[in-house]
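A short write-up of the structure that comes next.
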Amino acid sequence: MPGKPKYYLTTPIYYTNGLPHIGHTYSTIVCDTIRRYKRMRGYDVVMTTGADEHGVNVERAAKKAGVAESEFVAKMAAEWKALWDELGIPSDEFIRTTDLKHAHTVQWLFKLCRENGYVYPGHYTGQYCIYDNAYVDVKPGENCPDCGRPTETVTEANYFFKLSTFQKPLLDWYAQHPEFIQPESRRNEILSFVEGGLRDLSITRTTIRWGIPVPGEEPHVFYVWFDALTAYLSAVGGPNYEKQGYWPADVHIVGKDIIRFHTVYWPAFLMAAGLPLPKQVWAHGWFLMDAAKMSKSKGNVVTPRPIVGVLGMDALRYYLLRETVFGQDGNFSYDALVQRYNSDLANGLGNLASRTAAMIEKYFDGSVPAVVAGIDPRYDALLHTALADIADISRYYDVFNFSRVLERIWNLISEVDKFLVIQQPWTLAEDPSKRDHLARILYASAEALRIASVLAHPVMPESTQKIWNLLGQKTNLDLQSLDELTWGQLKAGTQLGKSQALFPRIEKAEAIERMEAMENEPQKPVTAPAAATATGGAAAAPQAAPEKIGIEDFAKVEMRVGQIKTAERIVGADKLLKLTVDIGTEIRQICAGIAPFYEPEKLIGRKVAVVVNLAPRKLRGVESNGMIIAASVGPEGRPVLAGFPDEDVEIGSRLK
Ligand code: MSP
């Protein structure tokens with residue numbers, strides 16, 4: 001019996017000089033979604049991600065941290081890997097470019113290119129961008145045209161790769177494989193780049209120490225892109241790739257920033273070595289913050305943990321894939337994220353699941369009702385919508401049109417909602433003669449819900465599994481075949497499972513405040529993967545007994561008497577007031593979460609206790625430079641400002 005067809009996909013091999021933000025998380029979530037979808041379509045799938053650990057950047061970051069490069073990258077790679085595990089998106093292969101098996105593959109690829117006559121020695125002088133790890137076409141003193149950061153003049157002896165000879169073979173390849181570069185706009189961009197002519201590329205360095213050595217040619221080390229791209233091959237067997245059977249890759253998922261490396265250099269290296277080329281490179285757009293690319297160097301990053309902690313991983317996955325058309329840039333906003341969470345997840349999918357289950361519970365003792373056979377136009381419309389969705393949604397998944405997939409599933413959900421409003425099962429339930437009709441209505445909504453869950457599973461694995469169990473299914477939804485999905489598979493008499501909270505509604509301002517506060521905390525290093533996948537809202541850590549501190553610790557907190565000068569509400573943040581506070585030496589802007597309890601006008605002139613040496617942070621995008629002390633009263637934590645009503649204290653006095 002023939003085995004399952006193999007499918008191999010990759011995320012970029014991420015630089016490890018910082019921790020993952022939403023941009024990186026997006027690439028990995030996309031790959032995980034494709035992986036899950038392909039598995040549900042019967043493929044034997046391998047997904048690779050990894051750590052790109054060589055280059056000047058790392059050399060310098062390690063130096064700054066005062067540790068050896070190997071120690072620095074080992075720690076960072078472990079943190080990245082642990083974070084992917086914690087988020088429930090672990091790869092099947094995690095390749096580190098410092099792995100020995102990877103070094104062997106790079107050296108082997110170079111040897112093949114050299115033996116085939118595509119490598120020659122030379123010298124190169126040019127402007128080098130250490131951030132992008134690439135020579136760029138600018139004059140000395142000019143900044144990198146791609147990232148805008150300073151470039152450095154570098155002269156070095158290196159081996160050149162005859163990229164120029166691959167202009168025609170590449171153009172032929174693109175013409176014969178129109179699907180190779182996706183989306184179309186990127187394909188056009190690359191075609192014109194290659195049509196403009198290609199210059200030979202230096203693929204070894206002598207000015208860098210931290211890299212894979214070129215055997216017998218020390219001090220040459222490999223150019224980081226020659227090194228990193230090869231990781232895709234090392235992960236699935238390297239020189240023995242044929243034995244494992246996953247190469248060539250079905251798709252490399254990358255951001256648009258690195259499309260040229262993947263669609264020009266990488267296929268040229270493989271052609272030179274006589275190896276098979278990947279079948280497709282798919283470049284997605286960027287997530288922007290205030291119209292700029294989210295990136296660590298710009299300091300405008302949003303990281304995944306706070307979102308997952310407050311809304312759950314499925315909410316993040318849903319938002320990222322629904323909000324932006326795959327391939328285009330998207331704007332990231334907490335506001336839109338929580339909006340989608342409440343409207344589509346809490347009120348949409350979550351509400352439908354709990355309503356349907358509650359009615360089956362109430363009217364049929366929690367057992368899926370049997371339906372009388374035969375055509376009944378009262379629910380056939382729903383059946384037809386669901387059947388059309390099953391066919392169309394697979395097609396959308398096949399072309400990675402995730403936003404359309406979700407649009408269609410949510411259309412089905414709203415059809416069921418409308419259907420319930422029109423059919424009014426709660427009214428039918430009052431008339432025993434309408435019991436058959438009631439059974440059909442509830443069967444149809446449960447069956448549509450089941451189908452929606454199976455179809456949404458690749459995007460929202462955790463919550464759809466919960467709905468699957470709620471509908472009395474005991475199996476692992478990962479193993480459900482999408483090819484066999486059809487209407488009517490929910491068996492009458494199935495006993496529903498326990499109801500579980502799916503997406504509890506959350507107040508927007510509160511959710512955003514919590515996420516922003518977590519984002520502003522210093523990033524905790526990842527020590528070990530969380531016991532459970534951190535989805536569905538991270539559980540609060542058990543409270544340890546409060547530790548006693550010494551007076552020297554207390555003395556680190558500088559508290560002073562301040563006087564409120566102005567107070568105003570912040571649009572879109574119901575709980576926050578923006579205050580300006582005189583602390584004796586200066587006037588500070590401080591945000592305080594007291595808006596529901598204090599009228600801004602009544603605060604003017606009031607003396608308060610202020611922590612003045614807190615690092616500034618942003619709350620709902622507004623800078624807050626200090627903290628007003630308040631008691632937290634009652635179970636709801638009502639804030640009561642600490643103050644000095646009886647004494648005339650001088651502004652700026654220190655609290656001790
Ligand atoms: N190490 C190289 C890749 C080598 S692949 C053989 C690299 N690493 S990176 O850490 O900078 O990650 C780049 C990838 O992260 C991008 O290609 C993209 O997939 C993702 N993103 C980083 N910032 C992003 C956004 N703001 N938005 C969306 N994705 C972006 O380049």
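The values are calculated or read from the model by the stated rules, or taken from the named source; none is laboratory data. Not measured: the values here are computed from a predicted model. As a convention, Cβ positions derive from the backbone with ideal geometry for all residues, glycine included, and neighbour counts pool all protein chains shown. Heads up: the accessible areas ignore ligands, DNA and RNA and are worked out on the full protein's heavy atoms, side chains in. Shrake-Rupley method; radii C 1.70, N 1.55, O 1.52, S 1.80 Å.
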* **Residue under evaluation ALA291, criteria (1) within 16 Å of the ligand (Cβ to nearest atom); (2) crowded, with 19+ Cβ neighbours inside 10 Å, criterion not met** => (2)
* Among the residues of the stretch 294-330 satisfying the criterion of being more than 10 Å from the ligand (Cβ to nearest atom) and assigned to a loop (DSSP other than H, G, I, E, B), which is most open to solvent (accessible area, probe 1.4 Å)? -> GLN328
* Structure fact -> Scanning the stretch 77-93 residue by residue, those touching a residue at least 60 places away in the same chain (Cβ under 8 Å), out of contact with any Pro (no Cβ under 7 Å at 6 or more places or on another chain) and open to solvent by 20 Å² or more (accessible area, probe 1.4 Å) turn out to be ALA78, SER91, GLU93
* Structure fact -> Checked VAL106, VAL154, VAL138 against criteria (open to solvent by less than 40 Å² (accessible area, probe 1.4 Å), at pLDDT 90 or above and away from the ligand (no atom under 16 Å from the Cβ)); the one match is VAL138
* Asked: Tell me, which residue of the stretch 13-34 that is open to solvent by 10 Å² or more (accessible area, probe 1.4 Å) and outside any loop (DSSP other than H, G, I, E, B) is nearest to the ligand (Cβ to nearest atom)?
  -> GLY23
* Could you tell me whether any residue of the stretch 359-369 is in a helix (DSSP H, G or I), under 23 Å from LEU311 (Cβ atoms) and either modelled with pLDDT under 95 or out of contact with any Lys or Arg (no Cβ under 9 Å at 6 or more places or on another chain) (or both)? => no
* Please name all residue pairs, on different chains or six or more residues apart, with Cβ atoms under 7 Å, provided the first residue is in the stretch 53-65 and is open to solvent by 30 Å² or more (accessible area, probe 1.4 Å) and the second residue is of a type in the set (Phe, Trp, Tyr). => GLU59/TRP210; ALA65/PHE72
* Asked: Out of all the residues in the stretch 35-52, which are more than 24 Å from LEU100 (Cβ to Cβ) and open to solvent by less than 20 Å² (accessible area, probe 1.4 Å)?
  -> ARG35, TYR37, MET40, VAL45
* Asked: For ILE258, are the conditions met, namely being within 11 Å of the ligand (Cβ to nearest atom) and open to solvent by 10 Å² or more (accessible area, probe 1.4 Å)?
  -> yes
* To do: With the condition kept exactly as written, say whether any residue in the stretch 248-255 is open to solvent by less than 20 Å² (accessible area, probe 1.4 Å), away from the ligand (no atom under 14 Å from the Cβ) and in contact with a Phe, Trp or Tyr (Cβ under 8 Å, 6 or more places away or on another chain).
  => no
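Check whether at least one residue in the stretch 479-491 is in contact with a Pro (Cβ under 7 Å, 6 or more places away or on another chain) and surrounded by fewer than 24 Cβ atoms within 10 Å (Cβ to Cβ), and report yes or no. Explain how you work it out, then say what you get.
Here is the first cut: in the stretch 479-491, the ones in contact with a Pro (Cβ under 7 Å, 6 or more places away or on another chain) are none.
No, the conditions are met nowhere in the stretch 479-491.
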* Please name all residue pairs, on different chains or six or more residues apart, with Cβ atoms under 7 Å, provided the first residue is in the stretch 213-229 and is in a helix (DSSP H, G or I) and the second residue is open to solvent by 10 Å² or more (accessible area, probe 1.4 Å) and near the ligand (Cβ under 9 Å from one of its atoms). => TRP225/PHE261; ALA228/ILE13; LEU229/PHE261
* When residues of the stretch 628-644 are filtered for being at pLDDT 80 or above and part of a loop (DSSP other than H, G, I, E, B), how many remain? -> 3
* In the stretch 109-135, what count of residues is obtained for those that are under 23 Å from ASP257 (Cα atoms), away from the ligand (no atom under 16 Å from the Cβ) and either touching a Lys or Arg at 6+ places or on another chain (Cβ under 9 Å) or aliphatic (A, V, I, L, M) (or both)? -> 1
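Output the residues belonging to the stretch 402-438 that are over 39 Å from the mean Cα position of the chain (by Cα) and under 14 Å from ASP380 (Cα atoms).
GLN423, HIS437 - these are the residues of the stretch 402-438 that are over 39 Å from the mean Cα position of the chain (by Cα) and under 14 Å from ASP380 (Cα atoms).
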